[in-house]
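What follows is a single structure, written as structure tokens, with notes after it.
The values are calculated or read from the model by the stated rules, or taken from the named source; none is laboratory data. All figures in this text were calculated on a predicted structure; none of them were measured in a lab. Every residue, glycine among them, receives a Cβ derived from its backbone with ideal geometry; neighbour counts consider all protein chains shown. For accessibility, only protein heavy atoms count, side chains too; no ligands or nucleic acids. Shrake-Rupley method; radii C 1.70, N 1.55, O 1.52, S 1.80 Å.
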Amino acid sequence: MSTSTPTAFETRTVHAGREDFASLGVHAPPIDLSTTYPVADLDIGTASFDALVAGQATAANPIYARLHNPTVARVERALADLEGTEACVAYGSGMAALTALLGAMRLQGGRHVLVVRPLYGTSDHLLACGLTGLDAEFVQADEITGKIRGDTALVVIETPANPTLDLVDIRAVVAAAGNVPVVVDSTFATPVLQQPALLGARYVLHSATKFLGGHGDVIAGVLCCSEVDAAPLRQVRAATGGLLHPLGAYLLHRGLPTLALRVERAQANAMIIAERLARHPAVAKAFYPGLGTVRNSDLVKTQMRGPGCLIAFELHGGHAAAACVMASVRLMTPAVSLGSVDTLIQHPAGLTHRVLDEATRAATGITPGLLRLSVGIEHADDLWQDLSQALDAASSMLAKAA
Ligand code: PLP
């Protein structure tokens, strides 16, 4: 933004990435669906091609939409602004963003990656399965210093973690990693609640499918980082084609002006629901940073601006009780994903973290009786009425079976 005084975060959610509107004479972002761009001057075209393939953000001629698209570039500028980074590179999904980052590490000669569990099931799987040619070692956050090797390319953390809501100390991990870059998957926090780059993280990753998009209608992923680090990420995107489509970019940008409002409202609801869940007889334990019931809950005060909109809870009665709650909700949707305006409930062991082996799930607290709730912006009392009748249904089912 071109103001001389710092502009508040909420104002930036509304205006960021829209700086070119005055010159375009528009009030909503145009969607540029061109796949290719006329090359009127071959020398300019060749220089532009070279610049974009080398990972430069823009060039005199966009050349081809796999190399550059103005609608995508607009939402990238907005998200870099919100994360406090110089650059942002957008992809067709959060998994495409992580794949590109690992590809960039591999291109730069990296062989080894340190990963703190738990993290999203498919991220864990991608790192563990060997597809990227990198050797992933899963460690505890406090083991990082001793595990760094000469060929360690990256430290991967997710905080709050999916699905347990464990928090990881970003500053401590950055310090322990030394010269090795740290990527923080900050999907659960959003830049409203946490800006990892300002705490020293070299890369901030989002599944933008979640809160950033916010309406359950776009799959997208982004990496926010310095301009220097963005160049190899764009190179990998150009080479592998993991692009964000301009229509998706438009929708993502469309969701940003309400990001802070949505997160604040959903978080207020989550606090109410978490407190009620913790007192419900069907619930063995409610995991929510705002209740102080997750690993490193105190970090809410030092690296976040609030405990967020996700809750995990363990039911008495294991898998059968969890299945009953999923089948009994009427207002909430039993579905994977999170961060939408509406409330979603899902079973990590049976769905999002199914790709992990049972021992890994057990070691990270992903039990058969664990459900994850992504609280939306509906009225908290309506949400609680729906959830409590589903919990009561699970209690009755267990009582009958006993
Ligand atoms: N990171 C986290 C924390 C997630 O929850 C997810 C998806 O649920 C991803 C990454 C992957 O994102 P996408 O589904 O957009 O590929």
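Scanning segment 156-179 for residues that are more than 16 Å from the ligand (Cβ to nearest atom) and open to solvent by less than 20 Å² (accessible area, probe 1.4 Å) gives Val173, Ala177. Restricting attention to segment 245-278, the residues being crowded, with 23+ Cβ neighbours inside 10 Å and not in a helix (DSSP H, G or I) number 0.
Being over 22 Å from Leu233 (Cβ atoms) and hydrophobic (A, V, I, L, M, F, W, C) holds for only one residue in Val72, Val53, Val39, and it is Val39. The residues listed here are Pro334, Pro289, Pro281; of these, the one that is open to solvent by 60 Å² or more (accessible area, probe 1.4 Å) and within 16 Å of the ligand (Cβ to nearest atom) is Pro334. Checking each residue in segment 308-337 for being in a loop (DSSP other than H, G, I, E, B) and on the phi < 0 side of the Ramachandran plot picks out Cys309, His316, Val329, Arg330, Leu331, Met332, Ala335, Val336. When the test is whether a residue is more than 15 Å from the ligand (Cβ to nearest atom) and either of a type in the set (Val, Ile, Thr) or surrounded by 24 or more Cβ atoms within 10 Å (Cβ to Cβ) (or both), Val222 does not pass it. Close contacts from segment 317-330, counting a first residue that is open to solvent by less than 20 Å² (accessible area, probe 1.4 Å) and a second that is of a type in the set (Asp, Glu), with Cβ to Cβ under 7 Å and a gap of 6+ residues or different chains, come to Val329/Asp386. Taken over segment 91-104, the criterion of being more than 12 Å from the ligand (Cβ to nearest atom) and open to solvent by 10 Å² or more (accessible area, probe 1.4 Å) is satisfied by Gly103 alone. Residue selection: Ala96 satisfies the criterion of being touching a residue at least 60 places away in the same chain (Cβ under 8 Å) and either assigned by TED's automatic domain parsing to the domain that holds Ile31 or not aliphatic (A, V, I, L, M) (or both). Reported count of residues in segment 339-360, each being open to solvent by 20 Å² or more (accessible area, probe 1.4 Å), closer than 21 Å to Arg117 by Cβ and either assigned to a strand (DSSP E or B) or of a type in the set (A, V, I, L, M, F, W, C) (or both), is 3. Total residues in segment 24-83 satisfying the condition of being part of a helix (DSSP H, G or I), within 20 Å of Val228 (Cβ to Cβ), out of contact with any Gly (no Cβ under 9 Å at 6 or more places or on another chain) and open to solvent by 50 Å² or more (accessible area, probe 1.4 Å): the figure is 2. Only one of the listed residues (Asp151, Asp185) is within 11 Å of the ligand (Cβ to nearest atom) and open to solvent by 10 Å² or more (accessible area, probe 1.4 Å). That residue is Asp185. Residues that are touching a residue at least 12 places away in the same chain (Cβ under 8 Å) and over 24 Å from Cys309 (Cα atoms) number at least 3 in the following strands (runs of 3 or more DSSP E) confined to segment 110-193: 112-116, 135-139, 152-158.
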